[in-house]
Amino acid sequence: MTKAETPRLSARERLLAAADELFYEEGVNTVGIDRVIERAGVAKASLYSLFGSKDELIRAYLEQRHGRRKQRIEDGLARYETPREQLLGLFDVLGEIYARPGSRGCAFINAGVEAQPGGVIDQATREYRGWLETLFTDLAREAGASDPAGLATQLMLLYDGASVSARLAGGPHAAQAAKAAATALLDAALVDPELLDATRV
C-alpha cells in the first residue's frame, strides 16, 4: 500500500495517538487539552463530541495502554511452557518493554501518582493492576504455591519496583534484578514440603 493509499486516521484515532504520546511523555495533568488537540490536528469540538471531557480522554488513553500491555504480556508468555517459567517470564517481558526506545516506565504508575482517589485515573489504574494481580495469582496457583495470593503480592512488589526503577534509571536492568529476586521467592514458595522434610531426616 502506497502512502497515498494509506487510510487516514479518524479524529478519534488521532486524538488517542496524540494523547498517548503527550500523556506518556509528560504526564496526564501536565499536558493541557489544547496541546492534544493541536498535536492531533482536530477541532476542539471534535474532542468534546467524541470524549466529552479531558477525563474521558485520559480514561480512553489508559484503557488503550491496558489493552496493549495485556497483549504484549500474553504474547510474551506464550514463549514459556510451565507456570513457573511464565511467572519468571513476566519479568523478561517487562525488561523487553522497558528496553524499547522512548520508554518512560509504567504508564499506570506514572499516571497513578497524579490520581485523585476514586477518579478516572484511579479507576483505570485499579483495573489494570487487578488484571495483573489476578495473572500473578493464577500462575502462582498453577505452579503449586501453597499461598498463591501471598506469593503474587510479593512478586507484584518486585514488578512495581522494577517499573519505578525503569522510569528513574532507564533500561531493562531493574527487571533483570527483579527476576533474580523472584527466582529466589519461587524456589522458596514452590519447594515440596515432603522433600524438604526428607532432607532434614
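The values are calculated or read from the model by the stated rules, or taken from the named source; none is laboratory data. Note that this is a predicted model, so its numbers are computed, not measured. Note that each Cβ is placed from the backbone with ideal geometry, even for glycine, and that neighbours are counted across all protein chains shown.
A search for C-beta distances below 8 Å between a residue of the stretch 91-104 that is without any contact (Cβ under 8 Å) to a residue 60 or more places away in the chain and assigned by TED's automatic domain parsing to the domain that holds Arg79 and any residue that is of a type in the set (A, V, I, L, M) and not in a loop (DSSP other than H, G, I, E, B), counting only pairs 6+ apart in sequence or on different chains, returns Val93/Ile73; Val93/Leu77.
For the residues Ala60, Ala111, the requirement of being within 24 Å of the chain's Cα centre (by Cα), surrounded by 13 or more Cβ atoms within 10 Å (Cβ to Cβ), modelled with pLDDT under 90 and not in a loop (DSSP other than H, G, I, E, B) singles out Ala111.
The set of residues in the stretch 6-42 that are small (Gly, Ala, Ser) and farther than 22 Å from Arg100 by Cβ comprises Ser10, Ala11, Gly32, Ala40, Gly41.
Taking the conditions (1) at pLDDT 95 or above; (2) under 24 Å from Leu157 (Cβ atoms) in turn, Gly95 satisfies each one other than (1).
Within the set Asp20, Asp75, the sole residue that is without any contact (Cβ under 8 Å) to a residue 60 or more places away in the chain and not assigned by TED's automatic domain parsing to the domain that holds Leu157 turns out to be Asp20.
I'd like to check something: does the stretch 136-147 contain any residue that is among the small types (Gly, Ala, Ser), under 14 Å from Leu94 (Cβ atoms), at pLDDT 85 or above and surrounded by fewer than 18 Cβ atoms within 10 Å (Cβ to Cβ)? No: zero hits. With respect to (1) more than 28 Å from Ala188 (Cβ to Cβ); (2) surrounded by fewer than 19 Cβ atoms within 10 Å (Cβ to Cβ); (3) in contact with a Gly (Cβ under 7 Å, 6 or more places away or on another chain), the lone exception for Thr125 is condition (2). Of all the criteria given as (1) touching a Leu at 6+ places or on another chain (Cβ under 9 Å); (2) surrounded by fewer than 18 Cβ atoms within 10 Å (Cβ to Cβ), the one not satisfied by Ala162 is (2). Would you confirm whether any residue within the stretch 29-39 is among the small types (Gly, Ala, Ser) and either touching a residue at least 12 places away in the same chain (Cβ under 8 Å) or not in a loop (DSSP other than H, G, I, E, B) (or both)? Within the stretch 29-39 (the criterion being among the small types (Gly, Ala, Ser) and either touching a residue at least 12 places away in the same chain (Cβ under 8 Å) or not in a loop (DSSP other than H, G, I, E, B) (or both)), the answer is no, since none of the residues qualifies. Check whether at least one residue in the stretch 41-60 is under 30 Å from Gln86 (Cα atoms) and out of contact with any Cys (no Cβ under 8 Å at 6 or more places or on another chain), and report yes or no. So far as the stretch 41-60 goes, yes, one or more of its residues are under 30 Å from Gln86 (Cα atoms) and out of contact with any Cys (no Cβ under 8 Å at 6 or more places or on another chain). For the stretch 123-150, a tally of residues being closer than 16 Å to Glu74 by Cα and among the polar types (S, T, N, Q) returns 2.
Here Leu47 meets the list (1) outside the structural domain of Leu135 (by TED's automatic domain parsing); (2) at pLDDT 95 or above; (3) not charged (D, E, K, R) almost entirely, failing just condition (2).
Of everything in the stretch 149-201 that is of a type in the set (Asp, Glu) and modelled with pLDDT of 90 or more, the residue that is farthest from Val113 (Cα to Cα) is Asp187. Restricted to the stretch 67-108, and to residues there that are small (Gly, Ala, Ser) and part of a helix (DSSP H, G or I), the residue that is nearest to the chain's Cα centre (by Cα) is Ala107.
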